[in-house]
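Scroll down for the structure; my scribbles are underneath it.
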Amino acid sequence: MFYNYRLLSKEQYAALESTTDGTALRALLAEYFEISYPDEKKQKISLDYHFYNYAFCKDSAFDGLKTSTFMSIMQTIWKVRAAAYESNSIPACSR
């Protein structure tokens with residue numbers, strides 16, 4: 001499968017699973033998904049997006065493979081959507 005453990009390795013998944021502190025979890029997500037924006041607002045929005053995607057995986061009782069696949073798909077969607085927004089190619093009604 002193309003997305004299996006592509007952006008989130010088994011070891012990284014294990015580290016996320018063992019983290020109980022929200023701030024530490026966000027720090028791991030920022031590291032694993034290379035989330036770094038000079039604009040603090042963009043940084044927070046991106047971290048929230050990944051945090052709540054991971055929370056969805058937890059709530060849905062996804063295992064490591066499903067979590068990795070889902071998070072990789074959602075990261076791809078995020079990057080494509082962000083690139084389209086930055087290039088101003090998203091219709092105004094979608095913003």
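Report the gain in length on full extension from residue 40 to residue 58: 0.36 nm times residue separation, minus Cα-Cα distance, nm rounded to one decimal. It would help to have the intermediate numbers written out before the result.
Details: separation 18, 0.36 × 18 = 6.48 nm, distance 2.66 nm.
Separation in residues times 0.36 nm, less the Cα-Cα distance, equals 3.8 nm.
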Could you tell me the largest-minus-smallest coordinate of the C-alpha atoms of region 1-50 on each of the three principal axes, in descending order and whole angstroms?
33, 27, 14
Summed over the other residues with a beta carbon less than 14 angstrom from that of residue 36, with K and R at +1 and D and E at -1, the charge totals +1
Listed highest first by mean packing, meaning other Cβ atoms within 10 Å per residue, what order do 76-82, 18-24 come in?
76-82, 18-24
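Read-outs throughout are calculated quantities, based only on the coordinates presented, and are distinct from any laboratory measurement. Model, not experiment: these values are computed from the prediction. Cβ atoms come from the backbone with ideal geometry, glycine included; neighbour counts cover every protein chain shown.
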